[in-house]
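Enquirer: Just passing along the structure, written as structure tokens.
The values are calculated or read from the model by the stated rules, or taken from the named source; none is laboratory data. Note that the coordinates shown come from a computational prediction; the quantities given were computed from them, not determined experimentally. Positions of Cβ are generated from backbone atoms using ideal geometry, with glycine treated the same way; all protein chains shown enter the neighbour counts.
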Amino acid sequence: MSVHSFHANLSNGEEISLEKYKGKVMLLVNTASKCGLTPQYEGIEKLFETYNEKGFTVLGFPCNQFGGQEPGTDEEISSFCSVNYNVTFPLFQKIEVNGENAHPLYQYLREQAPVDADLDENSPLNQDSNVEDSSIKWNFTKFLIDQDGNVVKRFAPTTKPEEIVGDIEKLLFK
């Protein structure tokens, strides 16, 4: 099993197999439009633009589970991202990433990379005793996936997109 085994719906409702991205390095991110971390869209889009033609893509998964910070419809979210951050990477329909209604892809991602690599163990984001260890802690948790669909690394919500460049390049240019 790999990330390529899953299907998800793009923001326009089209269901796609993630096998479509076989051979590409991927960054999967749960996103939100009304979050203090929302400006990360700019850096994530820059990663996409810089490395897309070298075999890299970003997949954005809006989620409203953290402070109700993604209240809009899929169309509103897509429009917000396009107008405010010129997002051109694929955005998917809003999903849940934790709990019994979590999208199967995110259940898998959490199993494969149960802790945020960059999150200080004393961070308030790591102190929520109401969630199991592998839970997504907040918006903009990032998962780096290799060309074969394997989860390579999980990054904390506070990890800036530019801090991931070395890990992306390591996979792209190995």
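Enquirer: Restricting to segment 72-85, give me the number of residues that are surrounded by fewer than 16 Cβ atoms within 10 Å (Cβ to Cβ) and either touching a residue at least 24 places away in the same chain (Cβ under 8 Å) or not in a loop (DSSP other than H, G, I, E, B) (or both).
Expert: Residues in segment 72-85 being surrounded by fewer than 16 Cβ atoms within 10 Å (Cβ to Cβ) and either touching a residue at least 24 places away in the same chain (Cβ under 8 Å) or not in a loop (DSSP other than H, G, I, E, B) (or both): 6 in total.
Enquirer: Okay, moving on. From Leu47, Leu27, grab the single residue that is within 19 Å of Ala156 (Cβ to Cβ), out of contact with any Ser or Thr (no Cβ under 8 Å at 6 or more places or on another chain), touching a residue at least 24 places away in the same chain (Cβ under 8 Å) and crowded, with 17+ Cβ neighbours inside 10 Å.
Expert: On inspection, the qualifying residue turns out to be Leu47.
Enquirer: Still on this model: Tally time: how many residues in segment 11-70 are of a type outside the set (Ser, Thr, Tyr), assigned to a strand (DSSP E or B) and closer than 18 Å to Tyr106 by Cβ? Before the answer, list the steps.
Expert: So the first thing to find is which residues in segment 11-70 are of a type outside the set (Ser, Thr, Tyr), and the list is 12-16, 18-20, 22-30, 32, 34-37, 39-40, 42-49, 52-56, 58-70.
Then keep just the ones that are assigned to a strand (DSSP E or B); that gives 15-16, 25-30, 56, 58-62.
Now drop any that are not closer than 18 Å to Tyr106 by Cβ, which leaves 15-16, 26-30, 58-62.
The qualifying residues number 12.
Enquirer: Considering only residues that are within 16 Å of the chain's Cα centre (by Cα) and either touching a residue at least 40 places away in the same chain (Cβ under 8 Å) or on the phi > 0 side of the Ramachandran plot (or both), which ones fall in segment 86-96?
Expert: Val87, Thr88, Phe89, Pro90, Leu91, Phe92, Gln93, Ile95
Condition check ((1) exposed (fewer than 14 other Cβ atoms within 10 Å of the Cβ); (2) at pLDDT below 95; (3) not in a loop (DSSP other than H, G, I, E, B)) across all residues:
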position: Asp116; (1), (2), (3): no, yes, no
position: Asn122; (1), (2), (3): yes, yes, no
position: Val131; (1), (2), (3): yes, yes, no
position: Ser134; (1), (2), (3): no, yes, no
position: Lys137; (1), (2), (3): no, yes, no
position: Leu144; (1), (2), (3): no, no, yes
position: Gln147; (1), (2), (3): no, no, no
position: Thr159; (1), (2), (3): no, yes, no
position: Glu169; (1), (2), (3): no, no, yes
